[in-house]
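What follows is one structure encoded as C-alpha cells, with my remarks underneath.
The values are calculated or read from the model by the stated rules, or taken from the named source; none is laboratory data. Please read all numbers here as calculations on a predicted model, not as lab measurements. Every residue, glycine as well, gets a Cβ built from its backbone with ideal geometry; the counts of neighbours run over all protein chains shown. These area figures cover heavy atoms from the full protein model, side chains too; ligands, DNA and RNA do not enter into them. Shrake-Rupley method; radii C 1.70, N 1.55, O 1.52, S 1.80 Å.
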Amino acid sequence: MYNDEIMDRYQNPYYFGKPERYSIVIDEASTSCGDKIILYIQEENGVIKQIKFEGDGCIISMVSTDLFCEKATGRNIEEIMRIDESDYVKNFPVEITPGRLNCALLPIRAFRRGVGRANIPGNLK
Amino acid sequence: MLDVGSIRRDFPILQRKMDGKRIVYLDSTATTQKPESVINAIAEFYRNYNANVHRSVYKLGWEATDCYEQARKNVADFIGVKSEEIVFTRNTTESLNLLSYSLEGKLKKGDRILISSMEHHSNILPWMRLEERGINLDYINLTPEGFLDIEDFKSKIKKETKIISITHQSNVLGTINDIDTLSKIAKENDSIFIVDGAQSIPHMPFKMINGIDYMAFSGHKMLGPLGIGVLYGKYENLSELPPFQRGGEMIKEVDFHKVEFEDPPIKFEAGTPNVEGAVGLSAAIDYLKKIGMENVRSHEKYLTRKALDSLSTLKNIQIYGPRDTEKRGGVISFNIRSEAIKRKIASGNIHLDGLLHSHDVASHLDESNVFVRSGHHCAQPLMKYLNIKGTARASFYIYNDIDDIEALVSGLEGIDVQ
Ligand SMILES: Cc1ncc(COP(=O)(O)O)c(C=O)c1O
C-alpha cells in the first residue's frame, strides 16, 4: 500500500515499547478515528533522554509516532514543542493528503498537549 | 433497471475528472450529490422569488412564502402526511435535538428511553443528555447477523420507558429495521415512538404509519441541498409540544411578559427559515419521484447483491451486517484482515485486532478515485459493540452502477495482503 520504508517501520518500529524508566506519560486518543498512543518520556533538565511509545492505529499515525520519537530523542523539549506542523508533514516519507493530516500529526499534538499539562521545564505556556 | 448513464449526466459533479480519471463516489450515506434540477431550483428561487417569508404584505413576499409552503406540501405528500405535520429543520440531528428538548418536560426522574446499539450519534446524544436529569438510557442488543434482537427489545421495554427511538436503516450495517413491528410493540406500552429516517426516506418507498409519532430525516442525503432537514410529527403531538427555539416568525402575539405561539409547524421554526433549502429539497423529491422510489430501492438491492458477491471473493475481507438484500440497504461496511503486515509486536494494554486500519484502506482507494468513508461513522457505541475501531464503508445511490463496484473491488485487490 505504502512504500517499503513506511511498511517496514510500521511492522518493525524502532521506538515501540514501554521503557523501565520514564518521568512523563502522555496518553492520547485521536478523536476522529480512535487511534491511541502512549508516549513514555524520560526527561532530565528539559532534555528528552529517551522517548518510546505504545499504541495502535493506522499506518500513518503509527509510523509518524515512531519517526517523531526518533526526532525527539536527545533534543530539548522546548525545541520539540516548536516543531512546525507543515514542515513535519512536508518531510514525511510519504505524501500526506489533507484527509490524513490528523493521523500524521497525532504524535506532535499529543506531545504538545501532554507536555502542556505536565508542569516541567521547557514547557511553553 | 435504471438508466444510470442518463442519470449520471444529470449530476454535474460526476462529470468531473480528477487526475484525468472519473470519480467513483461511494459515500452517499454521508451525503448525496445534487442533480442539475436541484441546483437550478435554488438559483431560480434567488433569481425570481427571494423575499422573507410569512410576514410580508407585498407580492414578492407572498411568492416566496408560496415557494416555501409548496415545498412543505411536496415533502408531506412524499411521505403521506399533512403539510402542518412537517417542520423544517437544519438536518436529522437538529430534528432529534428538537425532540429531546421539547419532550423533556414530559419526562420525570426514573423514566427510561430505549434506543438501539446501532444508532448514529445524532440519535444517541440528544437522549444521553437527559441522563443528567435522572432519565435512564437503555440500548437494544443486536443479533450476530446485525439485526435488532426483538426479544431483547421486548425485555427492555418497561412501564417507565416513555420514549423509544430507533433508526429505520443503519448507516453502518445497512440493516433495515422492521418499523411496523417495532412501532406496534412500542404502542402496546404507550411509549412515544420516534424513527430516524435519515437512511430510509432517501432510499425506499415509504408512507407514514400510525405507530410513528415522530420521524427525522435530512435533505442532503436525498439529492437535496445541505442545511435543510425535516421533522415529521403527528399534528396532535406537535400541538401540545412546547417550542424548541424562540424568536421571530413563530408567534401569534407577544406582550411584555407573555407570548402566544403560532400553531405547528411554524411554532417550531423560529427565525427566518432556509427557504432555498426547502425549495431545493422539493426539487430533489420531484427528481426522485420521476425515477420512482420502487426503482431506487430495486436498483440499490441489485447493486448491493453484486457488491456483496464480488467483495466476498476477496479472501481477506470481513463484511459486517446482514446478507439478505431484502432486509438491508445499499451500505456495506467492511475491513481488510491483514495478519501479515500487522505489527509483530504485542503489548499489554493495546488490543491488536489484525485488521488494516480503515483510513489506510480508504486512502489506498482514494488513489484510484474510489471515494469511500472510513472510521467510526458517528456510531462509536456500535463500533464498541462490534469490538472494532472502525470500518471502511461503501454506499450506493441511483448514480452508482456495476462499474463503480468493479472499481471498488479492483482497488481492494490492489492492497497486497499476503
Ligand atoms: C442513520 C443516521 N442518522 C442521523 C444522521 C445525521 O444526519 P445529519 O448529519 O444530516 O443530521 C445520519 C448521517 O449520517 C445517519 O446516517
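Observations on the model:
- For chain A, the solvent-accessible area of protein heavy atoms averages 46 Å² per residue (probe radius 1.4 Å; ligands and nucleic acids excluded).
- Hull-based mean projected area of the protein assembly as shown, where the convex hull spans the alpha carbons, in square nanometres: 28.9
- Lys/Arg +1, Asp/Glu -1 at C-beta; chain A dipole; positive extreme among A:Asn91, A:Ile80, A:Met62: A:Ile80
- Protein heavy-atom accessible area occluded, A/B pair - total, 1.4 Å probe, Å²: 2100
- Occluded residues from segment B:352-366, i.e. those whose accessible area drops by 20 Å² or more once the chain is not alone (1.4 Å probe): B:Leu356, B:His357, B:His359, B:Asp360, B:Ser363, B:His364
- With N as its number of residues, chain A has a Cα radius of gyration that, divided by 2.2 N^0.38 Å, comes to 0.99.
- Net charge, B:Glu188 excluded, C-beta distance under 12 Å - Lys, Arg +1, Asp, Glu -1: +3
- Charge sum, other residues only, whose C-beta stays under 10 Å from B:Lys327's C-beta, Lys/Arg counted +1 and Asp/Glu -1: -2
- GluC sites (Glu not before Pro), loop per DSSP, at most 16 other Cβ atoms within 10 Å - longest free stretch of chain A: A:21-94
- Computed from point charges on the beta carbon alone (+1 for Lys and Arg, -1 for Asp and Glu), the dipole magnitude for segment A:4-117 about its Cα centre is near 320 Debye.
- When the other protein chains are added to the chain by itself, burial of at least 50 square angstrom of heavy-atom accessible area (probe 1.4 Å, ligands and nucleic acids ignored) affects these residues of segment A:95-112: A:Arg100.
- Segment B:38-290 - accessible surface per residue (Å², probe 1.4 Å): 42
- Measuring nothing but protein heavy atoms, the accessible surface of the protein assembly as shown at 1.4 Å probe radius is 49 percent carbon and sulfur.
- Part-to-part distance (alpha-carbon centres) for segment B:108-131 and segment B:24-61, which is given in Å: 33
- In segment A:1-40, the residues that give up 50 Å² or more of accessible area when the other protein chains are added, compared with the chain on its own (1.4 Å probe), are A:Met1, A:Tyr10, A:Gln11, A:Phe16, A:Cys33.
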